[in-house]
Amino acid sequence: MAELGSKGVTAGKIASNVQKKLTRAQEKVLQKLGKADETKDEQFEQCVQNFNKQLSEGTRLQKDLRTYLASVKAMHEASKKLTECLQEVYEPDWPGRDDTNKIAENNDLLWTDFHQKLVDQALLTMDTYLGQFPDIKSRIAKRGRKLVDYDSARHHFEALQTAKKKDETKIAKAEEELVKAQKVFEEMNVDLQEELPSLWNSRVGFYVNTFQSIAGLEENFHKEMSKLNQNLHDVLLGLDKQYSGNAFPVKAQPSDSTPAKANKSPSPPPDGSPITSPETKTVNHELEPSTLEAPGASIPKSPSQSSLPAVVVETFPATVNGTVEGGASSERADMPPGFLFKVQAMHDYTATDSDELQLKAGDVVLVIPFENPEEQDEGWLMGVKESDWIQHKELDQCRGVFPENFTERVQ
């Protein structure tokens, strides 16, 4: 019998909850349709907006902090691999062998300590801070449901009071339900009205403490790491002095990010073949070299290029069928002004700038001099593709520079 009674109570509670949900749903529909007024609290709504913003910012900070810790761990592993490599290549008879082992050990301990302190002083604090939000969020949602219950009870009580045929028993019961609903709502509302502003203001101190901890830990870590790096530098300096005759010269390399072509050599051909230079012609001492300049506007170059010394392409005329090719006094009418010689592309070349020629293997290029010799960069020639010259014969539109090592002189 007790079991049957328990089941009856449970069924009644379920039915009551279902009825509450239906009543709330109906009340919300009426409010959205404008057929029932809704209790508004702008101050509380502002508190809820602040709460949601604070939760969003805290969640993002937690995510970024975890990413930062993962990066620290990855950097620790990379540093450990590097020091292990040094220990392996450092031969036993070299001076400072024991010191390098000690430095590697301290390096590993320093990284481990840094990561653990970040977890203890930042991540765990972050988790504790965010741990209070789910409960408050649940209470805000519950307050919202109780507010709907209160509005529904209020509207039901008002409807019974304004009915043409009043039922005092129902009115009294409705009033009792209204008082009960109002009491439950106001208790929750008062607690949250006090708690939410306090939580919102606490974010300042939390952010200060969190980032101060991270900054302080980083500062101490880098100080200690700097000492280890200085010790390692001193050990290697001693090794260098003992084996100074076998020093390996380290030459500075230009940065690939520099836009000027003068700061880097032309790219090697794609098939890895060695860089080739134009074939050397036999010098004819009886004829003067051609030094004609092509007319037209100069192609603008970057300041860094124009300040470098020019590489002068020295060419010598060849006699073909009794006429002098490339000579200043006998310029060929079917060639661009100042034509020097022909080259053929041995590899494809993709232009990387607006003033460069796009080449395909087999393209014949008519080489012409730079209008301003100081604009010529080492390893680069000025020219116009023969096919473009035959088709357009407009030098300014089809000329451009190209890497010499992608081409070969045509006999």
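The values are calculated or read from the model by the stated rules, or taken from the named source; none is laboratory data. No experiment lies behind these values; they were computed from the predicted model shown. Note that we place each Cβ from the backbone using ideal geometry, even for glycine, and neighbour counts take in every protein chain shown. Just so you know, the surface numbers come from the protein's heavy atoms only, side chains and all, with ligands and any DNA or RNA stripped out. Shrake-Rupley method; radii C 1.70, N 1.55, O 1.52, S 1.80 Å.
Select from region 74-115 the residues that are over 30 Å from Tyr243 (Cβ atoms) and either at pLDDT below 95 or over 35 Å from the mean Cα position of the chain (by Cα) (or both) and list them in ascending order.
none
All but one of (1) small (Gly, Ala, Ser); (2) farther than 30 Å from Leu110 by Cβ; (3) modelled with pLDDT of 90 or more hold for Ala174, so report the exception by its number.
That leaves (3) as the condition not met.
Collect the residues in region 177-207 that are open to solvent by 70 Å² or more (accessible area, probe 1.4 Å) and of a type in the set (Val, Ile, Thr), keeping them in residue-number order.
Within region 177-207, Val179, Val190, Val204 qualify.
Spot the failing condition for Pro268; the list is (1) touching a Lys or Arg at 6+ places or on another chain (Cβ under 9 Å); (2) at pLDDT below 85, and only one is missed.
That leaves (1) as the condition not met.
Would you mind telling me which numbered condition in (1) assigned to a helix (DSSP H, G or I); (2) closer than 30 Å to Gln230 by Cβ; (3) touching a Leu at 6+ places or on another chain (Cβ under 8 Å) Gln87 fails?
Result: Gln87 fails condition (3) only.
Here is a check on your reading of the model: is Gln132 within 30 Å of Pro197 (Cα to Cα) and surrounded by 16 or more Cβ atoms within 10 Å (Cβ to Cβ)?
So Gln132 does not fit the description; no.
Residue by residue, here is whether (1) under 20 Å from Ser226 (Cβ atoms); (2) of a type in the set (A, V, I, L, M, F, W, C) holds:
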residue: His115; (1), (2): yes, no
residue: Lys142; (1), (2): no, no
residue: Ala153; (1), (2): no, yes
residue: Thr169; (1), (2): no, no
residue: Lys180; (1), (2): no, no
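Residues to consider are Glu374, Glu386, Glu408, Glu404; find the one that is open to solvent by 20 Å² or more (accessible area, probe 1.4 Å), modelled with pLDDT under 85 and of a type in the set (D, E, K, R).
Criteria check complete, one pass: Glu374.
Which members of region 85-101 meet the condition of being open to solvent by less than 40 Å² (accessible area, probe 1.4 Å) and in contact (Cβ under 8 Å) with a residue 40 or more places away in the chain?
Within region 85-101, Gly96, Thr100 qualify.
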